[in-house]
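Student: I have a structure I would like to understand better, so I am pasting it below and will then ask my questions one at a time.
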Amino acid sequence: MTQDIILSIRNICKRFGGTQALKDVSFDILKGEVHAVMGENGAGKSTLVKIISAVVAKDTGSIILNGEELTAKTPQESRAAGINIVYQELSLSPFLTVGENISASSSPMANFKLMNPTYLDEEAEHLLNINNIDPKTEIRELGVGSQQIVEIAGALSRKCRLLILDEPTSSLTTKETDDLFRIIEILKKRDVTVIYISHKINEVFRIADRISVLKDGEYMGTVERADTKQDTIINLMVGRDIKDMYPTKTGAEAKCALEVRNLSGDGFQDVSFTLYRGEILGFAGLAGAGRTELFTAIFGAGRITAGKVIVDGKEEKIRNPREAVRFGIGYLPEDRKETGLFLEMNIIENTVAASIDANSGRLFLNRSRAKKNTLDMVERMRIKLGTIQDRIYNLSGGNQQKVLLSRWLLVNPKVLIVDEPTRGIDVGAKQEVYHILRELANNDIAVVMISSEVPEILGMSDRIITMYHGKVSAVLEGDERNENFLAQSIVGVHHKAPGHIEESAQ
Amino acid sequence: MGANLVVERKRDWLSMLNNLFRKIFQRRESFIFILIIAMMIFLSYKSPAFLSYKNFMALVSNEAIKGFVLTGVLLLLITRDFDLSIGSGMALVGVVMAQIIHQTGNLGLGLLCGLLAGLVVGFINGVLVTKLKLASFIATLGSMYMARSLCNIISVGKGVPVENQAIITFLNSYFLGFPVAFLVMLFFGIIMSVLLGRSKHFRRLYYTGVNEKGAMMVGISTSKLRLLMFSFSGLMMAVAGIAYTGMLRSAVPTAFTGLEMKLIAMAVIGGSSLKGGQGSVLGALLGLILVTLIGNAMTIIGISPQWEGAILGTILIAAAILDIFVQKKVE
């Protein structure tokens, strides 16, 4: 490893509305190294990537690439300057072939040449070869892992010297992850610098030379992987206040709220579990493990092909979310903007969205009741806002999430399913959401918490169910709720006999 | 203490009035209303004939019928759909009704079949869009062509006269000095306006239009609602088709071509949007009045009707731009 600096990040600040996403972040990336940037969700990793790639503009600070200040104003300019990024969401054209995608991305339109779909850079071709990807296949026929390899091959054929991988393994299987790491090793040998953005500590320790940590938008330091323990990194990532982050667990009554037996559907098979009143049941797993699919199906918004759902001791067929709401089930979706909020509507309308009937007379909406209920919730949840007539998009992510929680509280749910409840919200709001969820459980509501954040699952759950490839891989209770067991079950390693799962599903 | 209270009450009253004014002037409806009044003053100044009872009532009864279809268009826009088959659907309703009355002499049967024709067109549109998940544009473009073609087939390409005097007399009659069609529309408009603004069922249309997936996840049966709105639009299409055919004493297979676009323009001028979740009955009807007045004004001032499209287009785009500015201001 040479000591040349390829990319230097200098005093970067970025503010989004009320949140300071990055506070005076500075560090250097050395030529030829694999440099991991770690931090929890919302720590500012993605913002940093977007600033480097000129997707968003920085407020202050500078980025110096190979000794020259980077002045790119658009992602295209940044790419032309030699910064290549493989995003979480892939950007290939599904109906073009692998070869066409790569040559389209590497022949700049400015040349006004027709692209040659059969031409492939040697390095790119080699990369595809060793991974058994035929350049003539169409992208849509490939899995996510292979698509990612195509993106990397594309970057290589652009003679890229600096490659940024943004949460590359978030939708990969274990085998695909191994493939990716092999490729990173190859890249390293060819002196390509890799910036590896991730919050997964195990992966980072397998691959990185150096690790920089961000927390709440602040730079916490850079360490050499070789002489650092994982605990050190975790401490840097989550800080010291992790102890009072999570409320005290109180445990559940033995009254069953929801029982699922041998349920199969799109994305999950043969799932059985019991949910008790007053408990928080954590559902852990990798992205794509089938957790969201399972619960949207239970909520009536997805397909169930076999199995039973038992609500309050009676088998019920929940055909659509409307019926689910009638049975007292609430669902806080994972993508707040897409399926949660009514962005152009005001806070009252968003708060009463699921309880229109309860906030109406026989025919007409009762505006004063809706207003009063909203104000009550604003006070109870400590939602920070101007007036309740403001449109919801004026609120910060955390406050939006509290409005969505309020929405479900107004239907007096027996079961509340929360899917990634703290995604993209700041640490203070996270803590408040945790305490609200625990308070709900204490009020006899059965809470299901789907989360991909290990500390959150461990800190909040009374019991943990892990899913892997659409199936339940473990049920963790008591002392079994530790990072080790959790990490194994998430990737499908059974540390317990499957019989145990059956037993706890009783 | 007592004096203070009085002062406070007075202030309260003033601020309430202030708030009320602000609320009124923030609304698109107020803006158009002022425009309409201004135009009417201008027109009656320019030509005393404009406000003459005869001219005005003829105008009113003819345009009132459009109000029904416009309500259908508005509800679809609110749920983020639209229906391109309205014009040809109306013509089909007229041709079906006229042909059946012509063949059988049975007025009731003719009316019933006319209503059914409209409902069926609307329902089929709804099924194509909500069950088969076609885009509104494609589904209703297809049914637009089909309905128009059916018109020509049923009428053998010629106008079908309506000989039944009862319906003609009824539709052209006056009550309390106003055309019946206008009074019915007024009554219907008020009811729809109250329902759309306040009822819990119609609230769900707005949620559906703003974020359909989100609306579904809070327990709103969005597909069912959208299907219902397409059917409602079909029903309104039938009501308007029947009324026009009766008033004009014949059904013309080529009638109402392009009317759907004009209706969408009126609704958008009145504050609705293709983005869904926006619009009111009052706004849409004011849009209708404004567009009608402009057409009338052109004849009175003596501008060639060839200019109508240019003026309508300008207003429509101005309304859309205004919308963007208001949005920006809110943000």
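The values are calculated or read from the model by the stated rules, or taken from the named source; none is laboratory data. Quick caveat: nothing in here was measured; it's all calculated off a predicted structure. Every residue, glycine among them, receives a Cβ derived from its backbone with ideal geometry; neighbour counts consider all protein chains shown.
Student: Please indicate, with yes or no, whether at least one residue in segment B:56-77 is of a type in the set (Gly, Ala, Ser) and surrounded by fewer than 24 Cβ atoms within 10 Å (Cβ to Cβ).
Tutor: Of all residues in segment B:56-77, those of a type in the set (Gly, Ala, Ser) come to B:58, B:61, B:64, B:67, B:72.
Filter once more, so that each one left must be surrounded by fewer than 24 Cβ atoms within 10 Å (Cβ to Cβ): B:58, B:61.
Checking segment B:56-77: at least one residue is of a type in the set (Gly, Ala, Ser) and surrounded by fewer than 24 Cβ atoms within 10 Å (Cβ to Cβ).
Student: Could you check, for segment B:229-240, whether at least one of its residues is away from chain A (no Cβ under 14 Å) and of a type in the set (Val, Ile, Thr)?
Tutor: Yes, the conditions are met somewhere in segment B:229-240.
Student: Here is a further query. Would you please list the contacts, defined by Cβ atoms under 6 Å and residues six or more apart or on different chains, that run from a residue in segment B:122-139 that is modelled with pLDDT under 95 to a residue that is outside any helix (DSSP H, G or I)?
Tutor: B:Ser136/B:Asp81; B:Ser136/B:Phe82
Student: Quick test for you: out of B:Thr208, B:Thr254, pick the one residue that is away from chain A (no Cβ under 14 Å) and of a type in the set (Val, Ile, Thr).
Tutor: On the way: B:Thr208 fails: away from chain A (no Cβ under 14 Å).
None of the others qualify; the one that does is B:Thr254.
Residue-by-condition table, conditions (1) free of Cβ contacts under 8 Å to residues at least 60 places away in the same chain; (2) touching a Lys or Arg at 6+ places or on another chain (Cβ under 6 Å):
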position	(1), (2)
A:Ile310	yes, no
A:Pro321	yes, no
A:Tyr331	no, no
A:Leu343	yes, no
A:Asn346	yes, yes
A:Val352	yes, no
A:Ala358	yes, no
A:Phe364	yes, yes
A:Lys371	yes, no
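Student: Find the strands (runs of 3 or more DSSP E) located wholly in segment A:1-98 whose residues include 1 or more that are under 24 Å from the mean Cα position of the chain (by Cα), within 17 Å of A:Arg158 (Cβ to Cβ) and at pLDDT below 90, and list them. Step through it out loud before you land on a result.
Tutor: Working: elements: A:5-16, A:19-30, A:34-38, A:60-65, A:83-86.
Those strands (runs of 3 or more DSSP E) span A:83-86.
Residues checked against (1) closer than 20 Å to B:Asn55 by Cβ; (2) under 19 Å from the mean Cα position of the chain (by Cα); (3) in contact (Cβ under 8 Å) with a residue 40 or more places away in the chain:
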| site | (1), (2), (3) |
| --- | --- |
| B:Val252 | no, no, yes |
| B:Ala255 | no, yes, yes |
| B:Ile264 | no, yes, yes |
| B:Ile269 | no, yes, yes |
| B:Gln278 | no, yes, yes |
| B:Gly295 | yes, yes, no |
| B:Met298 | yes, no, no |
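Student: Applying the selection to segment A:151-183, what residues are within 22 Å of A:Lys50 (Cβ to Cβ) and more than 20 Å from the chain's Cα centre (by Cα)?
Tutor: Listed by number, the residues that qualify are A:Glu151, A:Ile152, A:Gly154, A:Ala155, A:Arg158, A:Cys160, A:Arg161, A:Leu162, A:Leu163.
Student: Still on this structure, please answer the following. Please give the number of the condition A:Ile298 fails out of (1) over 26 Å from the mean Cα position of the chain (by Cα); (2) closer than 26 Å to A:Asn443 by Cα.
Tutor: (1)
Student: Taking the options A:Ile383, A:Ile348, name whichever one is of a type outside the set (D, E, K, R) and more than 27 Å from the chain's Cα centre (by Cα). Full working, then the answer.
Tutor: Working: A:Ile383 fails: more than 27 Å from the chain's Cα centre (by Cα).
From the options A:Ile383, A:Ile348, the qualifying one is A:Ile348.
Student: Something else: Among the residues of segment A:224-236, are any in the same structural domain as A:His35 (by TED's automatic domain parsing), at pLDDT below 80 and within 20 Å of the chain's Cα centre (by Cα)?
Tutor: Taking every residue of segment A:224-236 in turn, at least one turns out to be in the same structural domain as A:His35 (by TED's automatic domain parsing), at pLDDT below 80 and within 20 Å of the chain's Cα centre (by Cα).
Student: Select from segment B:72-100 the residues that are polar (S, T, N, Q) and farther than 12 Å from B:Glu260 by Cα and list them in ascending order.
Tutor: Filtering segment B:72-100 for residues polar (S, T, N, Q) gives B:79, B:85, B:88, B:99.
Of everything in segment B:72-100, those that are polar (S, T, N, Q) and farther than 12 Å from B:Glu260 by Cα turn out to be B:Thr79, B:Gln99.
Student: Within the bounds of segment B:279-293, is there any residue that is at pLDDT 90 or above, not in a helix (DSSP H, G or I) and not β-branched (Val, Ile, Thr)?
Tutor: Checked segment B:279-293: at least one residue is at pLDDT 90 or above, not in a helix (DSSP H, G or I) and not β-branched (Val, Ile, Thr).
Student: Does A:Ile356 qualify as being outside the structural domain of A:Trp408 (by TED's automatic domain parsing), under 18 Å from B:Ser221 (Cβ atoms) and surrounded by fewer than 23 Cβ atoms within 10 Å (Cβ to Cβ)?
Tutor: Numbers: outside the structural domain of A:Trp408 (by TED's automatic domain parsing): no; under 18 Å from B:Ser221 (Cβ atoms): yes; surrounded by fewer than 23 Cβ atoms within 10 Å (Cβ to Cβ): yes.
Against the criterion (outside the structural domain of A:Trp408 (by TED's automatic domain parsing), under 18 Å from B:Ser221 (Cβ atoms) and surrounded by fewer than 23 Cβ atoms within 10 Å (Cβ to Cβ)), A:Ile356 does not qualify.
Student: Residue check: is A:Arg369 under 25 Å from the mean Cα position of the chain (by Cα), within 12 Å of chain B (Cβ to nearest Cβ) and modelled with pLDDT of 90 or more? It would help to see each step written out before you state the result.
Tutor: Details: under 25 Å from the mean Cα position of the chain (by Cα): no; within 12 Å of chain B (Cβ to nearest Cβ): yes; modelled with pLDDT of 90 or more: yes.
No: the conditions fail for A:Arg369.
Student: Okay, next question. When segment A:387-442 is examined, which residues are found to be free of Cβ contacts under 8 Å to residues at least 60 places away in the same chain, polar (S, T, N, Q) and assigned to a loop (DSSP other than H, G, I, E, B)?
Tutor: Matches in segment A:387-442: A:Thr387, A:Gln389.
Student: Checking the conditions here, which among B:Gly219, B:Gly197 is farther than 19 Å from B:Lys275 by Cβ and either surrounded by fewer than 18 Cβ atoms within 10 Å (Cβ to Cβ) or more than 14 Å from chain A (Cβ to nearest Cβ) (or both)? Even if it seems obvious, please write down each step before you answer.
Tutor: Working: B:Gly219 fails: either surrounded by fewer than 18 Cβ atoms within 10 Å (Cβ to Cβ) or more than 14 Å from chain A (Cβ to nearest Cβ) (or both).
After applying the criteria, what remains is B:Gly197.
Student: Among helices (runs of 4 or more DSSP H) lying entirely in segment A:285-361, which contain 1 or more residues that are among the aliphatic types (A, V, I, L, M) and within 11 Å of chain B (Cβ to nearest Cβ)?
Tutor: Values: elements: A:291-298, A:321-326, A:347-351.
Here the list reads A:321-326.
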